[in-house]
Amino acid sequence: MTLLKGKVALVTGAARGIGKAIALKFAAEGADIAFTDLAIDDTGLATQSEIESLGVRVKAYASNAADFDQAHLTVQQIVKDFGRIDILVNNAGITRDGLIMRMSEQQWDTVINVNLKSAFNFIHALTPVMMKQKSGSIINMASVVGVSGNAGQANYSASKAGMIGLAKSVAKELGSRGIRANAIAPGFIITDMTAALSDEVRTEWAKQIPLRRGGTPEDVANVATFLASDLSSYVTGQTIHCCGGMNT
Ligand code: NAI
């Protein structure tokens, strides 16, 4: 398992959920791991230990991805600590759902800042590093609702559609520098984010999924590993749906 041997990966919002699964999978493939989360509490420290037990270098950084200056300082620190960054996964994300008529300005701004501006912050901070290296793989965590839209999630869907447009634009701007950028659009993935939904809602979702189940964080991590590795060396500007066929 050495698909990512010699590479350094930065995953945002990776103390738990999909980000954690990606960090673990990358580590299992030999990558050294820098990961961020809002705070590095017991959950983050446990994730750090789990990754460490796979025999790679790992360090957790407390960093609000939505904050431009913090993102830049974090990237500077990671480059100091690890010497390079080959893979960036913009994974940090939240929901603040509500119908558009009742959505507050704060609900809108928070989701756009955490889900979309965060990716700009990290890409902006990392571009000079990757340009110097003449290589890099950027992965934006989008969502199927960024493609299809979803009632009650105008802010979230818009942020995820933005993640797709951002990846495509970066792919066009930086392809000549050896930097690739792609998006993953997960469907219904079973994590803390979706645990809040009722059993009824989850059963309804499953009925609409051709593979008849919600996805696991590991399902998404496998796609991320493909995009991070040289297996995808001729893939850029694309969105890979990981949704059990839901958006087909
Ligand atoms: P989660 O809520 O389990 O984990 C998200 C992590 O991001 C948490 O550790 C949280 O502390 C961290 N985070 C939140 N705001 C942050 C900030 N400002 N700075 C740094 N870290 C921050 O969520 P999950 O399900 O693992 O989602 C991960 C990504 O996948 C998100 O971008 C989400 O929108 C996306 N996604 C999830 C789907 C699902 O069904 N679970 C479906 C489609 C996309």
Where does helix 154-174 land angle-wise versus the long Cα axis of the chain, in degrees 0 to 90, nearest 10? 30
With the dipole of region 8-240 defined by +1 on each Lys or Arg Cβ and -1 on each Asp or Glu Cβ, the option from 71, 198, 128 whose Cα lies farthest towards the positive pole is 128
Could you list the trypsin sites (Lys or Arg not before Pro) in region 165-235 that lie in coil according to DSSP, counting only those with at most 13 other Cβ atoms within 10 Å of their Cβ? 212, 213
Rounded to the nearest 10 degrees, the helix 68-82 long axis (Cα) sits at an angle to the longest Cα principal axis of the chain of 40
Which three semi-axes in whole Å describe the equivalent ellipsoid of region 16-90, each the square root of 5 times a Cα gyration tensor eigenvalue, listed largest first? 19, 15, 11
Per residue, how much accessible area does region 8-240 show when a 1.4 Å probe rolls over the protein heavy atoms, in square angstrom? 46
Take the cross-link list 5/25; 25/132; 7/80; 59/80; 5/172 and give me the ones stretching past 18 Å between alpha-carbons. 25/132; 5/172
Which percent of the Cα-Cα distances in region 1-145 go past 22 Å? 37
Helix 17-28 sits at what angle to the longest principal axis of the chain, using alpha carbons and giving 0 to 90 degrees rounded to 10? 30
Starting from the Cα-Cα distance between residue 213 and residue 173, subtract it from 0.36 nm times their residue separation and give me the gain in nm to one decimal. 10.6 nm
On the full set of protein chains, 1.4 Å probe, figure out the accessible area of residue 69 and give it in Å² to the nearest 10. 100
Helix-only [θ]222 nm of the chain, DSSP H runs n ≥ 4, -39500 (n - 2.57) each, per residue, nearest 500: -13500 deg cm²/dmol
May I have the pair-distance distribution P(r) for region 8-240, computed from all Cα-Cα distances with 10 Å bins from 0 and rounded to whole percent? 8, 34, 38, 17, 3, 0
With an 8 Å Cα cut-off and a minimum separation of 6 or more residues, compute the relative contact order for the chain in percent. 19
With a Förster distance of 35 angstrom and the Cβ-Cβ distance between residue 45 and residue 99, calculated FRET efficiency to the nearest 0.05 equals 0.35
Spin-label proximity, residue 38 to region 106-134 - amide N less than 18 Å from point 7 Å beyond Cα toward beta carbon: 106-119
Semi-axis lengths (Å, descending) of the ellipsoid that matches the C-alpha gyration tensor of region 128-235: 31, 16, 10
In whole percent, how big is the carbon plus sulfur part of the accessible area of the chain, probe 1.4 Å, protein atoms only? 54
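The values are calculated or read from the model by the stated rules, or taken from the named source; none is laboratory data. These numbers come from a predicted model, not from an experiment. In this analysis, Cβ positions are derived from the backbone assuming ideal geometry, glycine residues included, and neighbour counts consider all displayed protein chains. Calculation scope for accessible area: heavy atoms of the full protein, side chains included, ligands and nucleic acids excluded. Shrake-Rupley method; radii C 1.70, N 1.55, O 1.52, S 1.80 Å.
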